[in-house]
Amino acid sequence: MSKASKLIYFFIFLVTILGIVPWLIEISGRWDYYYTLTSVALLSIASSGVWLTFYIGRINIGQGAYALAGGYVVAILVTKYDVSFWLSVPIAGLFCSFVSMLIGASILRLRGVYFAMITLVLTEVAKLTAMSLPITNGAKGISSIALPGELSIFGISIIPDFSTLANVKLAFYYVAVILMIFVFAGMYRLVNSRIGHLCRSLQQNEELASSIGVNITILRIIAYSISSFLGGIGGAIFISISQSVYPTTFQVADSINFMLNVFVGGMGYVFGPMIGTLFIYFGWDLLFTTGKYQLLIYSSIIIALILVLPNGLLSLRIFNKSNKREAK
Amino acid sequence: MSTILEINNVTKKFGGLIANNDISFKVNKQEILSVIGPNGAGKSTLFKMISSFMKTTSGEVLLEGKRISNLAPHIVARMGVVRTFQETTIFKTMTVRDNIIISHHLRSNSNLFGFFIGSSTARNDEREFARSADELLEFLSITDIGNELASTLPQGHLRTLGIAIGLATNPKILLLDEPFAGMNHDETMHMVDLVSSVRDRNVTVLLVEHDMSAVMKISDRIVVLNFGELIAEGTPKEIQENKIVIEAYLGSEDDSIGL
Ligand SMILES: Nc1ncnc2c1ncn2[C@@H]1O[C@H](COP(=O)(O)OP(=O)(O)O)[C@@H](O)[C@H]1O
Ligand SMILES: [Mg+2]
C-alpha cells in the first residue's frame, strides 16, 4: 500500500470513530453503545499488549493480572491519595511494567506451554493478592472512585472535570478511542521498525538471534513490559468507568479473552487485536438473546473460526487488500 | 603470524560423558582451521563452547587474550565470534535480504528507541545495512534470490544464506558447523571457493566438516578430535600422514573419512 492510500485509510478510520459513530449513536438513541465501544477500545489496548508477547513467540494468558493491577493502582491513588486520574493512569501502566520486568526476568526463559501455564496462574495470583492485602480492601474492593477531574497544563484546561459533563459516557468514549489510536499507531511503528524485526527474529529462532548479537533476554523483557503497560492502562481506565474495582473485575476468563481477541483478529496483523476484540465483544453481546445457550454457541463459533481462519479475521480476502505487508 | 583465539584446557562433561577432554590449541589470525573427527567426537560441543552457547566444565577460551568462555552468547557475538549452526538455521518467514539486513544488528549505532522514533542515526543505520546486505548478496552471488522467502530455498542456497548471516555481523572469527553437509560435489566446490574468499575479508574461519576432499583443499591447519580427545594437529599433509589419525579412523566404524 502506498503512503498516500495508508493516510486515506487512516483518515477514514478517524472520521468514522470520532465523528460518524458518535453521530449514529446520538440519532439512534442507543446510548449503551458508548459503553460497549469504550470497553472494546480499552480491552483492545490490553489485547494489543498480548499480541506483542505473541510476536516474540510467547503465549500470554496473564494479561488480566496486569489489567487488575492497573485498576487497583488507579483506584488507590485516586481514592486514598487524591492523585489526579490523568497522572494515575500512566503510573498504573508503569507500575505494571515494573512488576512485569521482575516477573518476566525469571519466566520469559520458558517457552510454549510452560510460559502459558505460568501466565495463566498470574491472574489467579493477582486476584488472591487483591483479596488479601489491606490496601486493596479485600473482597469488598474499592468503590465510589471519583470520576476523572480536570486536566490542565500551565493553567490551560485541556480536559474538563468529568463530573461537570452532561455526557460522561461520550467523554470516556473519546478518551478510550483516542488512546487506542495512539497505542495502535505506536504499535504499528514499533512493529515496522527494527524492533519489530528483532522481535520476529526472536519469535522464529532465539538461538540464531542471539548468535547475531541480539540481547534476547532484554528484548523479551522490553516486549513483555510494554505488553503489561498496555494491560495496566487499559484496566485502569476500564475500572474508572464503573468507578469501582473488585478482585474479580478481571479474572482468568478475561485473560483468556485477551488471548482470544488476538487469535481471532490474527496474530500476524498489528490491528488484529482491535478487530478481534470488536468481534468477540459484540459477538458475545449479540448472542445474549440465545439465553442459556449463549456460551455454547459462542464457544463453537470461536473454535470454528480458529479452525477455518487460523491466521485470524484479518487474513480474510476483503481485508487483505489493505494488509498485504505480511505476505509480500 | 599472530594468534587470535586460544583454547586452553577446555573440558566439557555431560554427566559421566566427557565430550571434550582437556582440549588446547591456538588459531592464527586469518587462517582456515578445520576440526575433524568421527560423529560424536565432540566437535559441535567445542564450537558451542567457543561461541559461549554452552558453558565449559573447565578451561577457558581467549579471544585476543580476553576470556570469552562462559559469557552471554550475544556478548561473544559482539566481540566478534559468530557461529553458524549444524542444522541450517535462518529466519524462515523473512526474505533472504531481510535475513541479512537483520543480521547487521550488531553494527547499529542507534539504540532501540532511536529505531522506534526513526532518528537520523537509525535511518543512517538502515541505509548502511541495506547497502551492505546488497553488497553481501553480490559477494555470495545470490542477488537474484534476495527477495525470496527464506523458507522456500533449496539446501545449497540455505547454506550460503547461513554464511551471509554470519558475515553480516562483521565477525573476527566465523565458526561454520558442517557448511557442506547435504551438498553435491559442484555445490561443495562452489562453497569451498566461497569460504576461501571469506578469509580475504579479514575473517578467521573455524570449520567442522566431514567432506575430507573439501577439508584438505581448504584448510591451512587441521585439528583432529576423537572421543573428546585432541589426537592430532597440523597441516593437511601432516594429518594425512599421521599414524594415530589413520589408526583412529580405521579403528572406528566411521570410515566415511576417505583417507
Ligand atoms: N546437550 C548435551 N547433553 C548430553 N550429551 C550431549 C549434549 N550435546 C552433545 N552430547 C554428547 O556429546 C558427544 C559429542 O557430541 P557432538 O559435539 O555433537 O559431536 P560431533 O559434533 O563431533 O558429532 C556425543 O556423545 C553427544 O551425544
Ligand atoms: Mg556435530
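The values are calculated or read from the model by the stated rules, or taken from the named source; none is laboratory data. Computed from a prediction, not measured in an experiment: that's the story for all the values here. In this analysis, Cβ positions are derived from the backbone assuming ideal geometry, glycine residues included, and neighbour counts consider all displayed protein chains. These area figures cover heavy atoms from the full protein model, side chains too; ligands, DNA and RNA do not enter into them. Shrake-Rupley method; radii C 1.70, N 1.55, O 1.52, S 1.80 Å.
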Within the stretch B:52-70, tally of residues that are out of contact with any Ser or Thr (no Cβ under 9 Å at 6 or more places or on another chain) and not in a strand (DSSP E or B): 0
Matching residues, the stretch B:113-163, being aliphatic (A, V, I, L, M), open to solvent by less than 20 Å² (accessible area, probe 1.4 Å) and over 16 Å from B:Asp98 (Cα atoms): B:Ala122
Residues that are hydrophobic (A, V, I, L, M, F, W, C), in a helix (DSSP H, G or I) and surrounded by fewer than 22 Cβ atoms within 10 Å (Cβ to Cβ), drawn from the stretch A:77-93: A:Leu77, A:Trp86, A:Leu87, A:Ile91
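If you check B:Thr204 against the conditions, is it more than 14 Å from ligand 2 (Cβ to nearest atom), touching a Lys or Arg at 6+ places or on another chain (Cβ under 7 Å) and either within 14 Å of chain A (Cβ to nearest Cβ) or open to solvent by 20 Å² or more (accessible area, probe 1.4 Å) (or both)? Walk me through it before giving the result.
Values: more than 14 Å from ligand 2 (Cβ to nearest atom): yes; touching a Lys or Arg at 6+ places or on another chain (Cβ under 7 Å): yes; either within 14 Å of chain A (Cβ to nearest Cβ) or open to solvent by 20 Å² or more (accessible area, probe 1.4 Å) (or both): no.
Judged against the criteria, B:Thr204 is not a match.
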Index of the failed condition, B:Gly228 passing every other in (1) within 16 Å of ligand 2 (Cβ to nearest atom); (2) assigned by TED's automatic domain parsing to the domain that holds B:Gly16; (3) within 19 Å of the chain's Cα centre (by Cα); (4) of a type outside the set (S, T, N, Q): (3)
Yes/no for B:Ile32 being away from chain A (no Cβ under 14 Å), touching a strand residue (DSSP E or B) at 6+ places or on another chain (Cβ under 7 Å) and within 14 Å of ligand 1 (Cβ to nearest atom): no
Subset of the stretch B:1-41 that is within 15 Å of the chain's Cα centre (by Cα) and not in a strand (DSSP E or B) - its residue that is nearest to ligand 2 (Cβ to nearest atom): B:Glu31
Condition check for B:Ser110: part of a loop (DSSP other than H, G, I, E, B), modelled with pLDDT under 95, open to solvent by less than 20 Å² (accessible area, probe 1.4 Å) and more than 25 Å from B:Asp177 (Cβ to Cβ): yes
In the stretch B:217-246, the residues that are open to solvent by 80 Å² or more (accessible area, probe 1.4 Å) and basic (Lys, Arg): B:Lys217, B:Lys237, B:Lys243
All positions within the stretch B:50-87 that are within 16 Å of ligand 2 (Cβ to nearest atom) and among the hydroxyl-bearing types (Ser, Thr, Tyr): B:Ser51, B:Thr84
In the stretch B:144-187, residue farthest from the chain's Cα centre (by Cα) [restricted to those that are within 16 Å of ligand 2 (Cβ to nearest atom) and at positive phi]: B:Gly182
Test: residue in the stretch B:58-77 that is among the hydrophobic types (A, V, I, L, M, F, W, C), within 13 Å of ligand 1 (Cβ to nearest atom) and crowded, with 16+ Cβ neighbours inside 10 Å: no
Conditions (1) at positive phi; (2) within 12 Å of ligand 1 (Cβ to nearest atom); number of the one not met by B:Ser52: (2)
Index of the failed condition, B:Phe47 passing every other in (1) within 14 Å of another protein chain (Cβ to nearest Cβ); (2) away from ligand 2 (no atom under 16 Å from the Cβ); (3) touching a residue at least 60 places away in the same chain (Cβ under 8 Å): (2)
A:Ile8 being open to solvent by 20 Å² or more (accessible area, probe 1.4 Å) and without any contact (Cβ under 8 Å) to a residue 40 or more places away in the chain: yes
Residue within the stretch B:68-79 that is modelled with pLDDT under 95 and more than 14 Å from chain A (Cβ to nearest Cβ) present: yes
Tally of residues being farther than 13 Å from A:Val191 by Cβ and open to solvent by 10 Å² or more (accessible area, probe 1.4 Å) across the stretch A:44-58: 1
